[in-house]
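Structure first, commentary second.
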Amino acid sequence: MIRLEKVSFSYDKQEIFRDLSLHVEKNEKVGIVGESGCGKSTLLKLIAGLYLPSEGKICVDGETDPARISRKVSVVMQAPMLLPMTIMENITMGHEYPAERIDRVCEEAQLSKWIGTLSEGINTYLGDRSDELSGGQAQRIAIARAMCKDAQIILLDEPTSALDAENTAAVLEALRRYTVDKTVVHVTHRPEHLKGYDRILKMEDLIGK
Amino acid sequence: MPVLKILLKRNRIWVFAAILAALVSNLSQMFYFVFVGKLVDKIAGRQTIEYSFIAILAVFMIANVVTVSLNHYIGHMTAEKMAHSLRMGYARKLLKKTNGENRSCDAGQIMSVVQNELAQADAYLGNTFFDIFSMTFSGILVLVFLLFQNALLTMTLLIPAILILVYVLILSKRMTPLVSETQNAKNRMNHAVYSTVHAFPAIRIFDGEKLAMHTFQRETTDWVRSATKLERRSALYNSLSGVLSGIPLLLLLLAGGYMVLDGHIMLGTLIVFLNLQKSLMGFIMNLPAWIGGFKIFTANLTRIEIE
Ligand SMILES: Nc1ncnc2c1ncn2[C@@H]1O[C@H](COP(=O)(O)OP(=O)(O)OP(=O)(O)O)[C@@H](O)[C@H]1O
Ligand SMILES: [Mg+2]
């Protein structure tokens, strides 16, 4: 499903890793841990087709073209990346989804209660007040967005880093249910979030093999 | 304390020097023109011109050149110093903010302030602010001087100018809401552009190009609409005041010409008037534009906090 063969990557002159290989089978759940700055987010962005490797091959669900790969994956980035639009538009990104689906992902991402308190509900414009959202609210919108897109491959980069314990547990449980029949690569500093995963890999073990 | 006051206070020595330079350069310029007028009178009256007179004229001419360039230099240095205080003050405030109390420390917001308010206030300080001192001094000095020379001729110049000024002022009052509307639209647009760039990975993965373009277009259209309206109106007012500003000069030429022919005043006096009317008219006619610019400047400053 996901195949990285001897991939190297540099930002301008700074090399992040060399000869990194990773194979993930269909429906496999893989956790990746490693110290801060070792290139975990960079790796997910490479898998998602956002960057081109300087060397090596990346193949995701049979695709090698980065733009096509991007269409096949869904991600929760480390930064929530909201746009000056309504909550609804930030979740659907302009695509038509059945109302039940949107309601369900809001429920799963623990957004419903908060949205219920807003006078304009899910149609509240985030606009230039997106800085007034809490980090957790923004992150939960990003999670709902990722669940709304119907992709077989889910990439998670510290998806609950801004959430409190209660929300973290609820969101992780929802993600577990949501990804039963999906392929997952989950980057985190907290191995306890990877319970039930098929494999937990250290970044350094992926390199030079 | 208002930002402008802090800036002036922090650079008070430079500001004082700039005011002084403006005063001195305008005085010297006025003396120079007066002596030119006297020279014309002497030539017209076929009087002999003493060496001492020419020497004094030369001294005033040189003093004029020196003080005008000094004024220019000090004015711009002061503006630079103030702009620097503004930028540094903003940076200091930001650093303090991230230490705690204020959480609206969003990068888009900061970029927007840096690109709009700060850049505009900076440009205003550099291009316009100290010319106002100079122009104001020369306007007032010249007015007093001309009144002493010939009150009637001064009034011929002044009264229509003031009438035109009032007219233009009333017109430009209607600009104020347009200015702030344009400013807000521009802020929204910049924010949209910034967050689109920032959220590009998400746009790509969730296939949101269409939505992002739509958002971007909406904000841009808003801005273009209010900006065109603002520009159209300000172009109209400016050309209107440009046309009208010719009227006082015309009246001066007519009335002054008759007075010279009647022997009521000397030709030199009319020359002095013609030379100096530029300063006076420049001051009066540009007043609305300055007030407008100053309003935008202070409006920009209210959005900037400094430390
Ligand atoms: N856009 C970029 N341009 C240049 N260098 C970058 C860029 N993004 C990340 N880096 C650098 O690449 C290295 C790896 O960054 P990355 O974000 O992948 O680390 P990470 O393992 O996800 O860290 P963390 O656990 O803190 O999230 C870091 O040294 C970082 O400074
Ligand atoms: Mg990271």
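Restricting attention to segment A:163-209, which residues are within 14 Å of ligand 1 (Cβ to nearest atom) and either in contact with a Pro (Cβ under 7 Å, 6 or more places away or on another chain) or of a type in the set (S, T, N, Q) (or both)?
Hit for segment A:163-209 is A:188, nothing else.
Only one residue in A:154, A:207 is modelled with pLDDT of 90 or more and hydrophobic (A, V, I, L, M, F, W, C), so which one is that?
When all the criteria are applied, what remains is A:154.
Somewhere in segment A:118-140, is a residue assigned to a strand (DSSP E or B), among the hydrophobic types (A, V, I, L, M, F, W, C), surrounded by 12 or more Cβ atoms within 10 Å (Cβ to Cβ) and modelled with pLDDT of 90 or more?
Checking segment A:118-140: not a single residue is assigned to a strand (DSSP E or B), among the hydrophobic types (A, V, I, L, M, F, W, C), surrounded by 12 or more Cβ atoms within 10 Å (Cβ to Cβ) and modelled with pLDDT of 90 or more.
Quick check, is residue A:74 within 19 Å of residue A:171 (Cβ to Cβ), within 15 Å of the chain's Cα centre (by Cα) and among the polar types (S, T, N, Q)?
yes
With the structure loaded, tell me whether residue B:227 is in contact with an Asp or Glu (Cβ under 8 Å, 6 or more places away or on another chain), more than 10 Å from chain A (Cβ to nearest Cβ), over 29 Å from residue B:134 (Cβ atoms) and in a helix (DSSP H, G or I) or whether it fails that test. I'd like the intermediate steps shown before the answer.
Values: in contact with an Asp or Glu (Cβ under 8 Å, 6 or more places away or on another chain): no; more than 10 Å from chain A (Cβ to nearest Cβ): yes; over 29 Å from residue B:134 (Cβ atoms): yes; in a helix (DSSP H, G or I): yes.
Criteria not met by residue B:227.
Inspect all residues belonging to segment A:166-181 and state whether any of them is away from every other protein chain (no Cβ under 14 Å), under 23 Å from residue A:203 (Cβ atoms) and within 16 Å of ligand 2 (Cβ to nearest atom).
No, segment A:166-181 has no match at all.
Condition first: among the β-branched types (Val, Ile, Thr), more than 15 Å from residue A:151 (Cα to Cα) and within 16 Å of ligand 1 (Cβ to nearest atom). Now tell me which residues in segment A:32-73 satisfy that.
A:32, A:33, A:42, A:58 - these are the residues of segment A:32-73 that are among the β-branched types (Val, Ile, Thr), more than 15 Å from residue A:151 (Cα to Cα) and within 16 Å of ligand 1 (Cβ to nearest atom).
How many of the residues making up segment B:190-217 are touching a Cys at 6+ places or on another chain (Cβ under 9 Å) and more than 9 Å from chain A (Cβ to nearest Cβ)?
So the count comes out to 0.
With (1) in contact with a Leu (Cβ under 7 Å, 6 or more places away or on another chain); (2) more than 22 Å from residue A:77 (Cβ to Cβ); (3) not hydroxyl-bearing (Ser, Thr, Tyr) as the list, and residue A:186 as the residue in question, which single condition is left unmet?
(2)
Only one of A:143, A:122, A:115 is away from ligand 2 (no atom under 16 Å from the Cβ) and within 14 Å of chain B (Cβ to nearest Cβ); which?
Unique residue meeting the criteria: A:143.
Being more than 16 Å from ligand 1 (Cβ to nearest atom), touching a Lys or Arg at 6+ places or on another chain (Cβ under 7 Å) and within 28 Å of residue A:36 (Cα to Cα), is that true of even one residue in segment A:120-136?
No, because not a single residue in segment A:120-136 is more than 16 Å from ligand 1 (Cβ to nearest atom), touching a Lys or Arg at 6+ places or on another chain (Cβ under 7 Å) and within 28 Å of residue A:36 (Cα to Cα).
Would you check which residues across segment A:151-162 are within 16 Å of ligand 1 (Cβ to nearest atom) and assigned to a strand (DSSP E or B) and list them?
Once the filter is applied, which keeps residues that are within 16 Å of ligand 1 (Cβ to nearest atom) and assigned to a strand (DSSP E or B), segment A:151-162 yields A:155, A:156, A:157.
Report yes if some residue within segment B:29-45 is open to solvent by less than 70 Å² (accessible area, probe 1.4 Å), among the polar types (S, T, N, Q) and at pLDDT 90 or above; otherwise report no.
no
Of the residues that sit in segment A:12-31 and are touching a residue at least 12 places away in the same chain (Cβ under 8 Å) and within 9 Å of ligand 1 (Cβ to nearest atom), which one is farthest from the other protein chains (Cβ to nearest Cβ)?
That would be A:17.
Any idea how many residues of segment A:80-98 are farther than 19 Å from residue B:210 by Cα and either in contact with a strand residue (DSSP E or B) (Cβ under 9 Å, 6 or more places away or on another chain) or open to solvent by 60 Å² or more (accessible area, probe 1.4 Å) (or both)?
From segment A:80-98, those farther than 19 Å from residue B:210 by Cα are A:80, A:98; that's our starting set.
The next check asks that each one be either in contact with a strand residue (DSSP E or B) (Cβ under 9 Å, 6 or more places away or on another chain) or open to solvent by 60 Å² or more (accessible area, probe 1.4 Å) (or both); those that pass are A:98.
Qualifying residue count for the region: 1.
Scan segment B:263-280 and give yes if some residue there is among the hydroxyl-bearing types (Ser, Thr, Tyr) and surrounded by fewer than 20 Cβ atoms within 10 Å (Cβ to Cβ), otherwise no.
Within segment B:263-280, the subset among the hydroxyl-bearing types (Ser, Thr, Tyr) is B:269, B:279.
After this cut, where a residue has to be surrounded by fewer than 20 Cβ atoms within 10 Å (Cβ to Cβ) as well, the list is none.
Scanning segment B:263-280, I find no residue that is among the hydroxyl-bearing types (Ser, Thr, Tyr) and surrounded by fewer than 20 Cβ atoms within 10 Å (Cβ to Cβ), so the answer is no.
Table: residues versus (1) modelled with pLDDT of 85 or more; (2) open to solvent by less than 40 Å² (accessible area, probe 1.4 Å).
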| residue | (1), (2) |
| --- | --- |
| B:151 | yes, no |
| B:154 | yes, yes |
| B:181 | yes, no |
| B:190 | no, yes |
| B:198 | no, no |
| B:207 | yes, no |
| B:214 | yes, no |
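Every residue in segment A:39-59 that is among the basic types (Lys, Arg) and more than 13 Å from ligand 2 (Cβ to nearest atom), please.
Residue satisfying the conditions is A:57 alone.
Of all residues in segment B:116-145, how many are within 17 Å of residue B:20 (Cβ to Cβ) and charged (D, E, K, R)?
The total comes to 1.
Being more than 12 Å from chain B (Cβ to nearest Cβ) and acidic (Asp, Glu) narrows it down to one residue among A:89, A:55; which is it?
A:55
Quick one: which of A:106, A:148 is over 30 Å from residue A:62 (Cα atoms) and in contact (Cβ under 8 Å) with a residue 12 or more places away in the chain?
A:106
The values are calculated or read from the model by the stated rules, or taken from the named source; none is laboratory data. Computed from a predicted structure; not experimentally measured. Here the Cβ is made from the backbone with ideal geometry for all residues, glycine too, and neighbour counts use every protein chain on show. To get the accessible areas, we keep the full protein, side chains included, count just its heavy atoms, and leave off ligands, DNA and RNA. Shrake-Rupley method; radii C 1.70, N 1.55, O 1.52, S 1.80 Å.
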